[in-house]
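Undergrad: My questions will all concern the structure given below.
The values are calculated or read from the model by the stated rules, or taken from the named source; none is laboratory data. All values reported here derive from a predicted model rather than from experimental measurement. Every residue, glycine as well, gets a Cβ built from its backbone with ideal geometry; the counts of neighbours run over all protein chains shown.
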Amino acid sequence: MKKVSKSFGLLAAVCTLVVFLVGCGAPSFDAAMYVKGTLDATYLGEASKGYLELTDSTSEEIKATYHESMEIEADYFLRYFEIDEDYIASSMVSEVIEMYQQIYARSKYEIGDVTKSGDNYLVSVTIHPLDIIEKVIENDIDDIINDFYDRAEAGEFDDKTDEEIESFWARKVIDAVKARVSSIGYLSAETISVQVVVESETRNEVLYAVSDNDLMRIDSLIIQY
């Protein structure tokens, strides 16, 4: 398959800044809870009460940005498998979004040690990459491609519209991925250090965020393409 670049947006869609009040009596900043909460919000659409309070967010906002995250991933899926969204039904795009909700529900990660470096934090995160797309590439995609071109050479698509041909290809790919959702496994775990950095600071508050580079690293590891 032809590789396409994955736009940075999945984690960025939900990674809001944290307001940490400073001064006498202010609670300590929980960097581990913040990182785990960001991952839970992005990939599971869930948020603990502590995370909502820490980020000054609501459950409704988490759900909305989670859906946006799934839309971003569905768009990447279509581009990765060279499916032109303009030629398939919107219901098929919705099907891909729902499929990714099922896939990301299997996300697996653990938060480890937290160390402080100046005003910033380093949080150890162990990610167990989902293997579903790799399995499709290794076991299914060649058969799908060969079948598609065999049908084309046999003239099966000669009287078909572009929409019908694109939908045929999309259906084969989507069904192959959906067939493997129930048997999702994990590749070798990888542990990375995630930086939670100060975005801005005033006399009364400090605003933190997970670094952009680490957001992209996490997103590239959750599912292996």
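Undergrad: Regarding Y225, is this residue in a strand (DSSP E or B) and among the aromatic types (F, W, Y)?
TA: Numbers: in a strand (DSSP E or B): no; among the aromatic types (F, W, Y): yes.
Criteria not met by Y225.
Residues checked against (1) modelled with pLDDT of 95 or more; (2) of a type outside the set (A, V, I, L, M, F, W, C); (3) surrounded by 13 or more Cβ atoms within 10 Å (Cβ to Cβ):
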{"residue": "R151", "(1), (2), (3)": "yes, yes, yes"}
{"residue": "G155", "(1), (2), (3)": "yes, yes, no"}
{"residue": "R171", "(1), (2), (3)": "yes, yes, yes"}
{"residue": "I174", "(1), (2), (3)": "yes, no, yes"}
{"residue": "Y186", "(1), (2), (3)": "yes, yes, yes"}
{"residue": "S193", "(1), (2), (3)": "yes, yes, yes"}
{"residue": "V197", "(1), (2), (3)": "no, no, yes"}
{"residue": "S200", "(1), (2), (3)": "no, yes, no"}
{"residue": "Y208", "(1), (2), (3)": "no, yes, yes"}
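Undergrad: Next up: Please identify the pairs in which a residue from region 128-148 that is surrounded by 17 or more Cβ atoms within 10 Å (Cβ to Cβ) has its Cβ atom under 9 Å from the Cβ atom of a residue that is among the acidic types (D, E), counting only partners at least 6 apart or on another chain.
TA: Between residues of region 128-148 that are surrounded by 17 or more Cβ atoms within 10 Å (Cβ to Cβ) and residues that are among the acidic types (D, E), the close pairs are H128/E110; H128/E190; P129/E190.
Undergrad: Taking region 99-127, which residues are touching a Gly at 6+ places or on another chain (Cβ under 9 Å), closer than 24 Å to V181 by Cα and in a strand (DSSP E or B)?
TA: Listed by number, the list holds a single entry, T126.
Undergrad: Same structure again: Could you list, in sequence order, the residues of region 149-164 that are part of a helix (DSSP H, G or I) and free of Cβ contacts under 8 Å to residues at least 40 places away in the same chain?
TA: Y149, D150, R151, A152, E153, E164
Undergrad: Looking at region 158-208, which of its residues are more than 18 Å from the chain's Cα centre (by Cα) and among the aliphatic types (A, V, I, L, M)?
TA: I165, A170, V173, A176, A179, V196, V197, V198, V206, L207
Undergrad: Hey, Y121 hits all of (1) in contact with a Phe, Trp or Tyr (Cβ under 9 Å, 6 or more places away or on another chain); (2) of a type in the set (S, T, Y); (3) surrounded by fewer than 17 Cβ atoms within 10 Å (Cβ to Cβ) but one; which does it fall short on?
TA: (3)
Undergrad: So, one more: Quick one: is L78 more than 21 Å from D214 (Cβ to Cβ), at pLDDT 95 or above and assigned to a helix (DSSP H, G or I)? If you could, list the steps in order and put the result at the bottom.
TA: Details: more than 21 Å from D214 (Cβ to Cβ): yes; at pLDDT 95 or above: yes; assigned to a helix (DSSP H, G or I): yes.
Answer is yes for this residue.
Undergrad: I've got another one for you. Has region 56-63 got at least one residue that is touching a Ser or Thr at 6+ places or on another chain (Cβ under 9 Å), modelled with pLDDT of 90 or more and among the hydroxyl-bearing types (S, T, Y)?
TA: no
Undergrad: Separate question: When you go through (1) under 22 Å from M92 (Cα atoms); (2) in contact with a Lys or Arg (Cβ under 8 Å, 6 or more places away or on another chain) one by one for S220, which number turns out not to apply?
TA: Of the numbered conditions (1) under 22 Å from M92 (Cα atoms); (2) in contact with a Lys or Arg (Cβ under 8 Å, 6 or more places away or on another chain), the odd one out for S220 is (1).
Undergrad: Let me ask something else about it. For residues in region 210-225 being of a type in the set (D, E) and over 12 Å from V125 (Cα atoms), which is surrounded by the most Cβ atoms within 10 Å (Cβ to Cβ)? Write out each step before concluding.
TA: Here is the first cut: in region 210-225, the ones of a type in the set (D, E) are 212, 214, 219.
If we keep only those that are over 12 Å from V125 (Cα atoms) too, we end up with 212, 219.
Values: D212: 14, D219: 22.
Applying the filter and picking the extreme gives D219.
Undergrad: If you scan region 43-71, which residues turn out to be buried (at least 21 other Cβ atoms within 10 Å of the Cβ) and either in contact (Cβ under 8 Å) with a residue 60 or more places away in the chain or closer than 20 Å to E164 by Cα (or both)?
TA: Y43, S69, listed by residue number.
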